[in-house]
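First up is the structure itself, then whatever we jot down about it.
The values are calculated or read from the model by the stated rules, or taken from the named source; none is laboratory data. Because the structure is a prediction, the values reported are computed rather than measured. A quick note on method: Cβ atoms are made from the backbone with ideal geometry, for glycine too, and the neighbour counts reach across all protein chains shown. Ligands, DNA and RNA are excluded from the accessible area calculation, which covers all protein heavy atoms including side chains. Shrake-Rupley method; radii C 1.70, N 1.55, O 1.52, S 1.80 Å.
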Amino acid sequence: MDKQNDQSRMDKIVSLAKRRGFIFQSSEIYGGLNGFWDYGPLGVSLKRNVKDAWWRDMVAGHDELATLAGAPSPYEMTGLDCTIIMHPQVWKCSGHFDLFHDWMIDCRESKRRYRYDHLHGRWASHRGKKVFVTTDQSGDEAVPDTVAKAQKFFGLRAKQVDEIEWGGGLESLQAVVAAGVASLADALGPDAGAPGSLTEPREFNLMFETRIGALAGDDDDRAFLRPETAQGIFVNFKNVLDTSRVSVPFGIAQVGKSFRNEITPRNFTFRSREFEQMEIEFFCKPADSAQWYRYWRDRRWKWYLDLGLTEGKLQLREHAQDELSHYSVGTADIEYAFPFLNPGEFGELEGIAHRGDFDLRSHMEGKLVRKDGELVVETGPDGKPRHRGSGKDLSYFDDVSRERYVPHVIEPSAGADRGTLAFLCDAYHEDEVPDADGKPRSRTVMKFHPRLAPVKAAILPLVKKDGMPEVAIDLYRALKPHMACQYDEKGAVGRRYARQDEAGTPWCLTIDGQTLTDKTVTLRDRDSLVQSRVPIAEVVDLLRDKLA
Ligand code: GAP
């Protein structure tokens, strides 16, 4: 599929998401709030099903007695639910306070703000005048955007555009400035009329700040909304160990909101300022950690496939050595080819990181930095730790080997909203189905995996008379305790099927004249469109089996 088709596909997905109540812009009646999204009636069920599937597959349904395929040994899994606002020292020791920033750049003329690494540009010249034209657009929109800007800058008519001489393709502004090929004084800002309006880049910490207490005022009252759920797990490591009977190797899982004040939220819910994460911190013996890293990387990859994401649109990308965080021994990203990206580009769904003992040691000793290949406590000019740790012992005594060590951590960290967006994009299909007269009719169908589908079954009396609604309501009441289902008697049955196809309902059960004589219903399969007759008495068990 070419880019234009893919973009129109994305536009259709966004419009269906709004029209059918999957996702709305936050505070829409007040003009919306950039980077914030609300989930409507279908969306809330879809996202809840994603989170429930994750929790069930990783935590609640985990068999700690078995050695799962690829795992070095059996292991335990447990859960946690921590606060969003935590002690400010947490973020100082974790490194977020000093390091969790992006570079931003302002335009003095347009008063717009950009992420430095999102600006690209190219040299344009016309009749001796030369300028480095920048754009904040990505993908196929970027080049035409520079052409339009250069045309305006040089004061040309549309037919004169070919007179512009271009000095090569688009390059990152950050890279050309660093290489000395262009300076910010040469750059025409994306929304500026003249060059030289872009400021020097500045660091911008992505943590949202707040104040605790009514008398808050000085710096000590400053607190932050968590930018990840992970730290709540690390600081509770000892609590979990002391109060439950878990022993290493074990994992602590958490699902919850995280907040990042992204400079340029974009691509629907992909980069939001408020989002949910599904994170596991898995604690293991240092010597076994490489094997556990591989286990979690492969396990998490398989999870997305098992829930129906198209394999050809998924990519498992191991980070190169120079891409790894300063504490990481290995990291892999599970990525998806979202339709808003250029062909060949992928967006991150989940990162699986080998974090060594960085996190537990940071919260014991204080903020760590790597020096001569070793993690050491960072010190200030006075020689004291820059950010002091808790001083609590977070090491582990292994009863079996009689050793004491600081466990290593493997962290599979997934985004619930990004996952939901990938399932939404992947489910979107357009095909043709025969209408009541056998003529082909185009349909939009969301082919969600049944576990994720917001509604599992729709119960449809063919007509609103002859006792059909009564039979249908009985069936609805029999099914409802077992799965999300809908009763719908309004409109022609073809229209009702179409509504359920757009909602992604895998099964429709139609009560018709034959039902009244032989107590069977028609079971319509959303994807194959096969219609079969099933005894009413068997429907509940049949659908429960299909969902299991
Ligand atoms: N504890 C590690 C951590 O937070 P991350 O790669 O920064 O790692 C993990 O985030 C996942 O959280 C990402 O793979 C993505 O799915 C999700 N995520 C991160 N930033 C996001 C944002 N601004 N909007 C939506 N999801 C985001």
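With the condition being away from the ligand (no atom under 11 Å from the Cβ), I'd like the strands (runs of 3 or more DSSP E) fully within segment 252-367 carrying at least 3 qualifying residues.
Hits in segment 252-367: 274-284, 314-318.
Taking the numbered list (1) farther than 24 Å from GLY347 by Cβ; (2) open to solvent by 50 Å² or more (accessible area, probe 1.4 Å); (3) modelled with pLDDT of 95 or more in turn, PHE234 passes all entries but (2). Among the residues of segment 167-184, just one is surrounded by 14 or more Cβ atoms within 10 Å (Cβ to Cβ), over 35 Å from the mean Cα position of the chain (by Cα) and among the small types (Gly, Ala, Ser), namely ALA182.
Within this structure, ASP221 fails the test of being more than 12 Å from the ligand (Cβ to nearest atom) and open to solvent by 50 Å² or more (accessible area, probe 1.4 Å).
Taking the numbered list (1) free of Cβ contacts under 8 Å to residues at least 12 places away in the same chain; (2) under 26 Å from GLU430 (Cα atoms) in turn, ARG56 passes all entries but (2). A single entry from SER289, SER272 fulfils the requirement of being of a type outside the set (Lys, Arg) and closer than 19 Å to HIS96 by Cα: SER272. Residues that are of a type in the set (Lys, Arg) and open to solvent by 60 Å² or more (accessible area, probe 1.4 Å): does segment 308-317 have at least one? Checked segment 308-317: at least one residue is of a type in the set (Lys, Arg) and open to solvent by 60 Å² or more (accessible area, probe 1.4 Å).
Based on what the data block shows, is THR146 assigned to a helix (DSSP H, G or I) and not aromatic (Phe, Trp, Tyr)?
Details: assigned to a helix (DSSP H, G or I): yes; not aromatic (Phe, Trp, Tyr): yes.
Yes.
For segment 482-492, state whether one or more residues are of a type outside the set (Lys, Arg) and either within 30 Å of ARG297 (Cα to Cα) or at pLDDT below 95 (or both). So far as segment 482-492 goes, yes, one or more of its residues are of a type outside the set (Lys, Arg) and either within 30 Å of ARG297 (Cα to Cα) or at pLDDT below 95 (or both).
Answer yes or no as to whether ALA71 is modelled with pLDDT of 95 or more, open to solvent by less than 60 Å² (accessible area, probe 1.4 Å) and assigned to a loop (DSSP other than H, G, I, E, B). Spell out the reasoning first.
Values: modelled with pLDDT of 95 or more: yes; open to solvent by less than 60 Å² (accessible area, probe 1.4 Å): yes; assigned to a loop (DSSP other than H, G, I, E, B): yes.
Here the answer is yes, as ALA71 does meet what is asked.
When ASP140 is tested against (1) open to solvent by 30 Å² or more (accessible area, probe 1.4 Å); (2) over 27 Å from GLU203 (Cα atoms); (3) under 38 Å from the mean Cα position of the chain (by Cα); (4) modelled with pLDDT of 95 or more, exactly one condition is not met: (4). When GLU64 is tested against (1) over 27 Å from GLU276 (Cβ atoms); (2) assigned to a loop (DSSP other than H, G, I, E, B); (3) touching a residue at least 12 places away in the same chain (Cβ under 8 Å), only condition (1) is not met.
Pairs linking a residue in segment 408-424 that is charged (D, E, K, R) to a residue that is assigned to a helix (DSSP H, G or I) and near the ligand (Cβ under 8 Å from one of its atoms), with Cβ atoms under 8 Å and 6 or more positions apart or on different chains, are GLU411/ALA230. Only a single item in (1) open to solvent by 10 Å² or more (accessible area, probe 1.4 Å); (2) touching a Leu at 6+ places or on another chain (Cβ under 8 Å); (3) under 19 Å from PHE270 (Cα atoms) is not met by ASN342, and it is number (2).
I need a count of the residues in segment 116-145 that are over 23 Å from SER8 (Cβ atoms) and either among the hydroxyl-bearing types (Ser, Thr, Tyr) or touching a Gly at 6+ places or on another chain (Cβ under 7 Å) (or both). Break it down into steps so the answer makes sense when it comes.
Step one: of segment 116-145, the residues over 23 Å from SER8 (Cβ atoms) are 116-134.
With either among the hydroxyl-bearing types (Ser, Thr, Tyr) or touching a Gly at 6+ places or on another chain (Cβ under 7 Å) (or both) added as a condition, the list becomes 116, 122-123, 125, 132-134.
Of the residues in that region, 7 qualify.
What about HIS429, is it under 37 Å from the mean Cα position of the chain (by Cα), within 16 Å of the ligand (Cβ to nearest atom) and open to solvent by 30 Å² or more (accessible area, probe 1.4 Å)?
Values: under 37 Å from the mean Cα position of the chain (by Cα): yes; within 16 Å of the ligand (Cβ to nearest atom): no; open to solvent by 30 Å² or more (accessible area, probe 1.4 Å): yes.
Criteria not met by HIS429.
Taking the criterion of being of a type in the set (Asp, Glu) and either closer than 23 Å to LYS302 by Cβ or within 16 Å of the ligand (Cβ to nearest atom) (or both), the residues of segment 397-421 that qualify are GLU411, ASP417.
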